[in-house]
Amino acid sequence: MNKENLSTFMLLNKRIDYIFTSKELEVLKYDVYPVYMSDHYPVFVQLKL
C-alpha cells in the first residue's frame, strides 16, 4: 500500500503523523480524513491480527 500524497498536517500540507506496526499485524487499509478538528487530520488504519 502506498499513498504518496497523504497529508496529515494541514498547515504545511505534509505527512508528519504515522502509525507503526509490527510484522505480526497486516495493514488492510489506511487513510487520512481531511476533517478540520485540529491542525492534524485524523489518521485511520484497519489491521488484521
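Laboratory data are not the source of any read-out in this text; all were calculated from the coordinates shown. Worth saying up front: this structure is predicted, and the values here are computed from it rather than measured. Reconstructed Cβ throughout: ideal geometry from the backbone, glycine too, with neighbour counts over all protein chains shown.
Among the residues making up the range 32-49, those that are in contact with a strand residue (DSSP E or B) (Cβ under 9 Å, 6 or more places away or on another chain) and either under 10 Å from M10 (Cβ atoms) or among the polar types (S, T, N, Q) (or both) are D39, H40, Y41, Q46.
If you check K29, K23, which single one turns out to be charged (D, E, K, R) and touching a strand residue (DSSP E or B) at 6+ places or on another chain (Cβ under 7 Å)? Among K29, K23, only K29 is charged (D, E, K, R) and touching a strand residue (DSSP E or B) at 6+ places or on another chain (Cβ under 7 Å). When D17 is tested against the conditions (1) assigned to a strand (DSSP E or B); (2) in contact (Cβ under 8 Å) with a residue 24 or more places away in the chain; (3) in contact with a Phe, Trp or Tyr (Cβ under 8 Å, 6 or more places away or on another chain); (4) not hydroxyl-bearing (S, T, Y), the lone failure is (1). Give the range 26-46 a look and list any residue that's of a type outside the set (F, W, Y), surrounded by 10 or more Cβ atoms within 10 Å (Cβ to Cβ), in a loop (DSSP other than H, G, I, E, B) and more than 8 Å from the chain's Cα centre (by Cα), or say none. Scanning the range 26-46 gives P34, D39.
Is one or more of the residues making up the range 10-25 surrounded by 10 or more Cβ atoms within 10 Å (Cβ to Cβ) and among the aromatic types (F, W, Y)? No; the residues of the range 10-25 include none that is surrounded by 10 or more Cβ atoms within 10 Å (Cβ to Cβ) and among the aromatic types (F, W, Y).
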